[in-house]
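A.B. asks: I'd like to ask some things about the structure below.
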Amino acid sequence: MSKDKVPSVGTLDKPENLQDLIKQDRGDDCTPCRVIGGGAFLGLAAYSYFSGQRQLERNQAQILASKSILGMRSRRLGIAATSFGLAWLGIWRLFL
């Protein structure tokens, strides 16, 4: 017979610590992977913001003439919020 240790019912009945499971699932992440991933998100945030603002400036006359419920302010806010979200993901990827 093998000498494998069979866990008792008491140890099987206990739930595992959630924080330990999250740490095990996350695994190790190398520094170059974090730098490239974070840099990609930050670059995408910058590109999204500047190209979105440029597109709005080009199409400002058409947007204002359309009398849309979404004016220039809300569109600028949408672009800024999207860019902020992408920048936050980049910072999170780099440091957190």
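A.B. asks: Taking the Cα centre of the chain as origin and charging only Cβ (+1 Lys, Arg; -1 Asp, Glu), how large is the dipole, in debye to the nearest 20?
C.D. replies: Values: 13 positive and 8 negative charges, 128 e Å.
In debye, rounded to 20, the chain gives about 620.
A.B. asks: Return the label of the correct value of semi-axes √(5λ) of the Cα gyration tensor in Å, as calculated from the structure shown, out of (i) 24, 18, 13; (ii) 51, 18, 9; (iii) 76, 15, 10.
C.D. replies: For semi-axes √(5λ) of the Cα gyration tensor in Å, the calculated option is (ii).
A.B. asks: Let me ask another. Hey, what's the chain come to in accessible area per residue, 1.4 Å probe, Å²? Intermediate values should be presented prior to the final figure.
C.D. replies: Details: 8200 Å² over 96 residues.
On a per-residue basis, 85 Å².
A.B. asks: Now for a separate question. Under the Karplus relation 6.51 cos²θ - 1.76 cosθ + 1.60, θ = phi - 60°, what is the ordered set of whole-Hz ³J(HN,Hα) values for region 62-73, x standing for Gly and Pro?
C.D. replies: Taking θ as phi minus 60°, the curve returns 5, 5, 5, 5, 6, 6, 5, 5, 8, x, 5, 4 Hz for region 62-73.
A.B. asks: Could I ask something else about it? Per DSSP H run of at least 4 residues, take -39500 (n - 2.57); add these up for the chain, divide by its residues and hand me the 222 nm value, nearest 500 deg cm²/dmol. Let's see the in-between values first.
C.D. replies: Details: 5 runs with 72 residues, N = 96.
Using -39500 (n - 2.57) per qualifying helix, the result is -24500 deg cm²/dmol.
A.B. asks: Hey, another quick one. State, as an integer percentage, the relative contact order of the chain based on alpha-carbon contacts under 8 Å between residues 6 or more apart. The partial results should precede the final answer.
C.D. replies: Numbers: 54 pairs, mean separation 39.7, N = 96.
That works out to 41 percent.
A.B. asks: Follow-up question, since we're still on this one. Taking the Cβ of Gly52 as the center, what net charge do the other residues with Cβ under 12 Å away carry, scoring Lys and Arg +1 and Asp and Glu -1? Before the final figure, lay out each step's value.
C.D. replies: On the way: positive: Arg54, Arg58, Arg75, Arg76; negative: Glu57.
Around Gly52, the charge tally is +3.
A.B. asks: Within 10 Å of each candidate Cβ there may be at most 10 other Cβ atoms; applying that plus a DSSP loop requirement, which trypsin sites (Lys or Arg not before Pro) in region 19-96 survive? Please report the intermediate quantities before stating the final value.
C.D. replies: Working: sites: Lys23, Arg26, Arg34, Arg54, Arg58, Lys67, Arg73, Arg75, Arg76, Arg93; in loops: Lys67.
Loop-located and lightly packed - Lys67.
The values are calculated or read from the model by the stated rules, or taken from the named source; none is laboratory data. Because the structure is predicted, anything quoted here is derived from the model rather than measured. Here the Cβ is made from the backbone with ideal geometry for all residues, glycine too, and neighbour counts use every protein chain on show. To get the accessible areas, we keep the full protein, side chains included, count just its heavy atoms, and leave off ligands, DNA and RNA. Shrake-Rupley method; radii C 1.70, N 1.55, O 1.52, S 1.80 Å.
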